[in-house]
Amino acid sequence: MKLIGRNDTGAGPAPGGARAGRVHAEVDTDAWAQSADDTQQGLPAQRSSGPESLVRISSQQLVEAVGRYPATTDEPSGEPEEEASFETALAAREQAALETRHRASADAGDPNASSQLGALLLRRGELEDAEPYLRSAAAAGLRAAANNLGVLLHQRGHRAEAAQWWRQAAVAGSAPAAHALGLQLRDQGEEEAAEYWLHFAAEHGHPLGAYALGDLMEHRRDVRAERWFKASAEAGHREAAYRLARMRESAGDKETAETWYRTAAARSHARASLRLGVLLEERGELDEAARWYRQSAQNGEPRAACALGFLLRDTGDLVAAAEWWQEAAEAGDGNAANALGALHAGRGEAADAERWYRAALDAGDHNGAFNLGLLCAAAGREAQAEQWYRRAAYAGHREACNALAVVLLQRGEESGAEPWFSKAAEAGSVDGAFNLGVLHAGRGELPQAHEWYARAAAEGHGEAALQLAVVHEQRGNPGGALERYRQAAAAGSAEGAFRLASVLERRGDSETEVEHWYLVAAEADHRRAQVRMGVRAAERGELQSAEHWYRRAAEAGSRSAAFNLGLLLARQDSENEAMIWYTRAADAGHGRAALRLALLALRRGEPVQAEGWCRRAAEAGPAEVAERAARLLGALNAELSA
């Protein structure tokens, strides 16, 4: 089992967007302090001049008129900054002048000025000063003032009175008030009334109302939600664009989803940038994916920093990958913490690996517990490993269930292991399904074993496919066996690749394919495949290649390879080295190697050594070798007794 960095059980970013909750949520701030421009034509409201009606003058003209402001000692020098400071001063003076005019008109009884002044004070957070002006204007019938009075009262916690003023403004046609009223009714559980007012706001072109209506409908699984998300997104609402993209992606329409992800991401929506990066990475457009991951991470999305780390790791930049993982892990991303743990574990830095795995666990990622189990097992701390496996297994980690079952089975607790294998298999662990098959096969419960092998093989488990292939071969079904051997080989089973090559070779199929599968198995250190590669190379006269494969297999402990290497070296006049390999093969029980050593000893005039090798050859066999060794031993005995 490998240490998990990027995990399969969850290795992907989670979907979803926050539901609009309180009335003063971030997405709604632009609607609160509403200007008198929203007043209905039929209401007796007189428009007072706004900031746009003031005469603008340049900063140079202002300097000439009122003189320069004295620069402070910590004010940066330079013409651009000086110009900006005058613009700021000018704006402040204009705002002060505007407020003065509004206050004078409001105090003189102008309801429109009262509405404007109340809105200005509300924006500044001066609720106590704003309230009398807004009440005066609202009582005069200005719906903007009624809406803003509702905002003020809501902020002060007077929700019931706020709803009354919002209702008055909404009845008068205020879309922002209808939106605010709809949200409050929704939060009170009055969804039917909420839908009515949110629908009113949305129909009147209020993007926040359209978004809230879409959110409410999606919560009810109403297919009309998409329409209102789209209306809100087209009006510039980035969360609506993101939610619409998620809906389109869930429906399998990735092209449209990408368009809306791009729309939201262009407005710095962190989760949209993340999802856009995921789509691009899946398509192989790694440079652009990295750009969007980076933007998302810089906007505070730790999952994007984690994903960028994996992308950089896959391109070979481990240093940069670790930096992004650390940023994500410190922001509470358990997947990134696991990745850092795996990175340190791979370097043999067990203490650092353990620290990051614990951080992952603290972040709620149970891969951390499983990886701590693997780390302890690698260090020989079996009792601690079992404890970590149990913790992860009880949390539902399927590979931990399988690992715990293996520990119990190795301890002889078969009855304790089986439920954990079952839990792992039912949760989708292919290793768990395979091991459950092994467990049933060991009891002679072959139908159950084959059923679990089939389930594991269907998920790409090579060894499970190999077991099924052997069953087909034993039952005289060569076609079924060949199909399963192919599946096993394709899934990475070296034995499957070797057996597939052997079957194809016996059938006389394409030499190219036969050679391919022998090579696949040999490169995976399958010793018999390496011997076959050596034999085939020797038959073609490719002695250097033959020697390469014989040596690899012989050094790994193959007695047949050691014997063949001895034969090859002897033909190349390297008899001393050949003797070494004959001896190694004979010591491992290779009868032909022992017989060859007996003959060589006779040739050197060493009958006692020859007799010893003959006896070993006769014991090792096979029958043909034993018979020849017996005849040679009889001749030696006769000669020695003479």
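At the listed q of 0.09 Å⁻¹, the Debye profile of region 525-642, built from one uniform point per Cα, gives log10 I(q)/I(0) equal to -0.25. The 1.4 Å probe gives accessible areas that order Asp525, Asp222, Asp317, Asp287, largest first, as Asp287, Asp525, Asp317, Asp222.
Using the Cβ-Cβ distance between Ser545 and Glu606 with R0 set to 30 Å, the FRET efficiency works out to roughly 0.30.
Using only alpha-carbon positions in region 270-393, the gyration tensor eigenvalues give semi-axes of 29, 14, 11 Å once each is multiplied by 5 and square-rooted (largest first). With the simple model of a label 7 Å out from the Cα in the direction of the Cβ, Ala454 to Ser268 spans 5.8 nm. Please grab the % of Cα pairs in region 245-342 that end up more than 24 Å from each other. For region 245-342, the share of Cα pairs beyond 24 Å comes to 20 percent.
Placing dummy labels 7 Å off each Cα toward the beta-carbon, the span from Glu282 to Ala139 is 6.1 nm. All other residues whose Cβ lies under 12 angstrom from that of His548 are scored, Lys and Arg at +1 and Asp and Glu at -1, for a net of -2.
Its Cα centre serving as origin, the chain has a Cβ charge dipole (Lys and Arg +1, Asp and Glu -1) of approximately 2020 debye. Filter the GluC sites (Glu not before Pro) in region 152-216 down to the DSSP loop ones having no more than 15 other Cβ atoms within 10 Å, then list what survives. Those satisfying the criteria are Glu190.
Please compute the per residue accessible area over region 320-390 with all protein chains in place, 1.4 Å probe, rounded to a whole number of Å².
Numbers: 2920 Å² over 71 residues.
On a per-residue basis, 41 Å².
Could you work out how much longer the chain between Asp509 and Glu523 gets when fully extended? Use 0.36 nm per residue separation minus the Cα distance between them, nm to one decimal. All intermediate terms of the calculation are to be shown ahead of the outcome.
Values: separation 14, 0.36 × 14 = 5.04 nm, distance 2.16 nm.
Fully extending the segment from Asp509 to Glu523 adds 2.9 nm.
Rounded to the nearest 20 debye, what is the charge dipole size of region 377-504 about its Cα centre when +1 sits on each Lys and Arg Cβ and -1 on each Asp and Glu Cβ? Computed charge dipole of region 377-504: roughly 120 debye. In percent, rounded to a whole number, the relative contact order of the chain is 5, using alpha-carbon pairs under 8 Å and six or more apart.
How do the peptides 438-447, 227-236, 251-260 rank, highest first, by the average count of neighbouring beta carbon atoms within 10 Å per residue?
Numbers: 438-447: 13.4, 227-236: 20.6, 251-260: 15.1.
Per-residue mean Cβ counts within 10 Å order the peptides as 227-236, 251-260, 438-447.
Computed over protein heavy atoms with a 1.4 Å probe, the accessible surface of region 105-170 works out to 38 Å² per residue. Note on exposure: His516, His344, His472 ranked by accessible area (1.4 Å probe, complete protein assembly) read His516, His472, His344, with the most exposed listed first. In a DSSP loop and with at most 12 other Cβ atoms within 10 Å, the trypsin sites (Lys or Arg not before Pro) in region 515-582 are Arg540.
Just the number, please: carbon plus sulfur as a percent of the accessible area of region 551-642, 1.4 Å probe, no ligands or DNA/RNA counted. Let's see the in-between values first.
Numbers: 2350 of 4930 Å².
In region 551-642, the share of accessible area belonging to carbon and sulfur is 48 percent.
Normalised per residue, the accessible area of region 467-524 is 50 Å², obtained with a 1.4 Å probe and no contribution from ligands, DNA or RNA. For the pair region 508-561 / region 441-455, the C-alpha centres are spaced 33 Å from each other. When both region 254-269 and region 353-381 are represented by their alpha-carbon centers, they are found 37 Å apart. From the P(r) of region 470-569, can you give the percent of Cα pairs sitting at distances over 21 Å? Roughly 34 percent, rounded to a whole number.
Could you please state how large a percent of the accessible area of region 231-371 is carbon and sulfur, counting protein chains only and using a 1.4 Å probe? The partial results should precede the final answer.
Numbers: 2610 of 5780 Å².
Reported share for carbon and sulfur atoms: 45 percent.
Here the accessible area of region 150-206 is 49 percent carbon and sulfur, with a 1.4 angstrom probe and all protein chains present.
For the chain, the alpha carbon positions stretch 146, 62, 49 Å along the principal axes, listed from largest to smallest.
Once the Cβ-Cβ distance between Ala89 and Thr315 is put in as r, and R0 is 56 Å, what FRET efficiency do you end up with, to the nearest 0.05? Once the sixth-power term is evaluated, E becomes 0.65. For region 490-530, dividing the convex hull volume of the Cα atoms by the residue count gives 54 Å³ per residue.
From largest to smallest, what semi-axes in whole angstrom does region 131-211 give when each is the square root of 5 times an eigenvalue of its alpha carbon gyration tensor? Value: 20, 14, 9 Å, ordered largest first.
Placing Glu128, Glu523, Glu87 in order of accessible area, with the largest value first and a 1.4 Å probe, yields Glu128, Glu523, Glu87. With both labels modelled 7 Å from their Cα along Cα-to-Cβ, the Ala383 to Arg124 distance reads 7.1 nm.
The values are calculated or read from the model by the stated rules, or taken from the named source; none is laboratory data. These numbers come from a predicted model, not from an experiment. All Cβ positions, glycine included, derive from the backbone under ideal geometry; neighbour counts span all protein chains shown. Only protein heavy atoms, including side chains, enter the accessible area calculation; ligands, DNA and RNA are left aside. Shrake-Rupley method; radii C 1.70, N 1.55, O 1.52, S 1.80 Å.
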